[in-house]
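Asks: Got a structure for you, questions after.
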Amino acid sequence: MAFRLFVPILAGATLRERVLACIGATIGIALTGVISGLAMGGGPHVALLVAPMGASAVLLFAVPASPLAQPWSIIGGNSISALVGVTVAHFIHDQVMASGLAVALAIAAMSFTRCLHPPGGAAALTAVLGGPAVISAGFLFPFVPVALNSTILVALGFLFHKLARRNYPHVAAPPANSHGTADPPAQQRAGFRPEDIDAALTALDETFDIDRDDLERLLRQVELQAMVRSHRTLLCEDIMSRDVISVPEQATTDEARQQLLDHNIRTLPVVDADARLVGAVGLRELTKAVDTVKGVMAKAGTASPETPAMSLLPVLTDGRSHAVVIVDGERRILGLITQTDLLAAAARVQTADKGLAAA
């Protein structure tokens with residue numbers, strides 16, 4: 001039981017993520033100090049840093065998806081809090097009273113300006129207890145070094161996350177309606193609704209360190225995983241079409257269009273000279289004025305025969321994809337699953353479940 005106290009409490013925390021966080025923090029803090037020193041004319045050997053940057057680096061590199069770690073949260077939260085701290089210290093000379101009031105007002109200021117950032121409390125406290133260096137800087141302290149440090153750290157974090165292929169600044173991207181209408185995407189028309197999330201958050205009466213849109217995306221993925229688990233025995237190989245019509249990548253667009261019309265299908269896999277899948281085309285792609293299929297083909301959705309069939313739902317309900325190509329390890333085509341195939345399979349499973357319940 002004692003060892004459970006040391007288990008990471010952050011969901012999704014992996015060894016790779018923690019190693020990246022350590023590397024990022026090392027680079028970010030070191031370069032922030034060096035660049036700030038150079039900017040102020042102190043030379044590369046003088047590190048111009050304030051302590052709250054260490055806490056900001058933890059959020060920026062360890063939990064970059066957190067709302068508390070976004071650029072405005074870091075820059076605005078630290079700078080505004082430091083300004084609040086300097087202002088309080090200017091009018092209240094009792095350090096105990098000034099310390100408590102500075103942190104309290106910093107929380108209020110960050111909340112109203114939508115840049116809540118925990119290290120901001122430390123920035124406000126530093127402005128009160130920072131000693132002669134902070135006192136001599138006066139109202140310049142929130143800008144140099146606090147805002148300067150924060151801006152450089154965010155810029156370095158942005159570059160680091162791009163190189164590490166992480167999404168930063170983090171923006172939750174809910175699936176869009178590809179038909180250009182006001183209806184929500186197909187995935188969001190069943191199950192819970194956004195107002196259900198709002199009602200649940202109100203009922204729990206707690207604040208969670210996760211963006212509301214991320215929470216919705218997470219819950220929808222949980223729904224999908226639960227459905228895949230409950231229907232795990234239904235595999236792609238059980239429902240796929242095996243006599244698949246394909247077209248070589250050097251075929252003309254007219255030939256591909258004729259294949260689609262002759263077989264009354266909406267997606268045509270494209271193969272190379274070795275019969276390996278390289279893409280897919282539909283009537284949408286074939287409207288472009290090019291000579292061969294290779295110039296217009298799109299990326300094909302793929303799966304293996306052992307993949308649970310229900311896991312294809314996100315792809316086949318995105319409003320653009322009409323089929324998933326089932327391939328082997330060498331990308332040779334084994335079969336095809338269309339929206340109709342999956343719908344028919346889901347209907348059979350539903351009927352079977354009702355039969356078992358009645359029995």
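The values are calculated or read from the model by the stated rules, or taken from the named source; none is laboratory data. Being a predicted model, the structure only gives us computed values, none of them experimental. Methodologically, a virtual Cβ is constructed for each residue, glycine included, from the backbone with ideal geometry; neighbour enumeration extends over all protein chains shown. For the accessible areas, the whole protein counts, side chains as well, though only heavy atoms, and no ligand, DNA or RNA atoms are used. Shrake-Rupley method; radii C 1.70, N 1.55, O 1.52, S 1.80 Å.
Asks: Return the carbon/sulfur percentage of the accessible area of the chain, one whole number, probe 1.4 Å, all protein chains in place. Don't skip to the answer; put the middle values down first.
Replies: Values: 13170 of 20610 Å².
Answer for the chain is 64 percent, counting heavy atoms of protein chains only.
Asks: Which residue fluctuates the most in the chain, going by a Gaussian network model with Cα springs under 10 Å, if the choices are GLY157, GLY301, GLY131?
Replies: Largest GNM mean-square fluctuation: GLY131.
Asks: Rank-order 71-82, 101-112, 19-30 by packing density, defined as the average count of other C-beta atoms within 10 Å over each peptide's residues, highest first. Please list the in-between numbers first.
Replies: Working: 71-82: 25.2, 101-112: 18.2, 19-30: 16.6.
Averaged packing, sorted descending, gives the order 71-82, 101-112, 19-30.
Asks: Then there's this: Taking the dipole about the Cα centre of the chain, with the C-beta of Lys and Arg at +1 and of Asp and Glu at -1, give me whichever of SER111, THR340, PRO194 is farthest to the positive side.
Replies: The Cα lying farthest towards the positive end belongs to SER111.
Asks: Let me ask something else about it. Largest first, how would HIS90, HIS170, HIS117 line up by accessible area (1.4 Å probe)? The partial results should precede the final answer.
Replies: Details: HIS90 105, HIS170 40, HIS117 0 Å².
The ordering from most to least exposed comes out as HIS90, HIS170, HIS117.
Asks: Please report, in debye to the nearest 20, how large the charge dipole of the chain is about its Cα centre when each Lys and Arg carries +1 at its beta carbon and each Asp and Glu carries -1 there.
Replies: Dipole about the Cα centre, nearest 20: 480 debye.
Asks: Counting only the heavy atoms of the protein chains, how much of PHE143 is accessible to a 1.4 Å probe, in Å² to the nearest 10?
Replies: Rounded to the nearest 10, the figure is 120 Å².
Asks: Let me ask something else. Among VAL222, GLY33, LEU83, pick out the residue whose Cα is farthest towards the positive end of the charge dipole of the chain, where Lys and Arg carry +1 and Asp and Glu carry -1 on C-beta, about the Cα centre.
Replies: Of the candidates, GLY33 comes out farthest on the positive side.
Asks: Shifting gears a bit: Could you put GLU223, GLU206, GLU17, GLU285 in order of accessible surface area, largest first, with the 1.4 Å probe and the full protein assembly present? Don't jump to the answer; show the numbers that get you there.
Replies: Numbers: GLU223 80, GLU206 115, GLU17 50, GLU285 25 Å².
Descending accessible area places them as GLU206, GLU223, GLU17, GLU285.
Asks: Give me the number: length gained by fully extending ILE23 to GLU195, i.e. 0.36 nm times residue separation minus the C-alpha to C-alpha distance, one decimal in nm.
Replies: Numbers: separation 172, 0.36 × 172 = 61.92 nm, distance 4.01 nm.
Contour length minus the Cα-Cα distance gives 57.9 nm.
Asks: Name the residue, out of ALA65, ALA55, ALA200, whose mean-square fluctuation peaks in a Gaussian network model built on the chain with Cα pairs under 10 Å.
Replies: Highest fluctuation of the listed residues: ALA200.
Asks: Oh, and also: Any chance you could look up the accessible area of ASP214 with a 1.4 Å probe, heavy atoms only, rounded to 10 Å²?
Replies: Here the residue's solvent-accessible area equals roughly 20 Å².
Asks: Going toward the positive end of the dipole of the chain, with +1 on Lys and Arg Cβ and -1 on Asp and Glu Cβ, which of THR267, GLY138, ALA57 do you reach last?
Replies: The residue sitting most towards the positive pole is GLY138.
Asks: Just by accessible area at a 1.4 angstrom probe, what is the order of ARG220, ARG276, ARG229, ARG284 from largest to smallest? Mind showing how you got there, number by number?
Replies: On the way: ARG220 35, ARG276 75, ARG229 155, ARG284 110 Å².
Highest to lowest solvent-accessible surface, that is ARG229, ARG284, ARG276, ARG220.
Asks: Let me spell out the model: positive unit charges on the Cβ of Lys and Arg, negative unit charges on the Cβ of Asp and Glu, origin at the Cα centre of the stretch 231-326. What dipole size does that give, in debye rounded to 20?
Replies: Numbers: 10 positive and 13 negative charges, 71 e Å.
It comes to approximately 340 debye.
Asks: Given a Förster radius of 22 Å and the C-beta distance between ASP238 and HIS263 as r, what FRET efficiency does 1/(1 + (r/R0)^6) yield to the nearest 0.05?
Replies: For ASP238 and HIS263, the calculated efficiency is 0.45.
Asks: So, with +1 on the Cβ of K and R and -1 on the Cβ of D and E, and no other charges, what is the size of the charge dipole of the stretch 227-273 about its Cα centre, to the nearest 20 debye? It would help to have the intermediate numbers written out before the result.
Replies: On the way: 5 positive and 8 negative charges, 81 e Å.
So the dipole magnitude of the stretch 227-273 works out to roughly 400 debye.
Asks: In addition: What accessible area, in Å² to the nearest ten, does a 1.4 Å probe give for LYS294?
Replies: Surface open to solvent at LYS294 totals about 110 Å².
Asks: Here is a follow-up. From the alpha carbon gyration tensor of the chain, can you work out the equivalent ellipsoid semi-axes (sqrt of 5 times each eigenvalue) and give them in Å, largest to smallest?
Replies: Numbers: eigenvalues 583, 136, 66 Å².
Values for the chain, descending: 54, 26, 18 Å.
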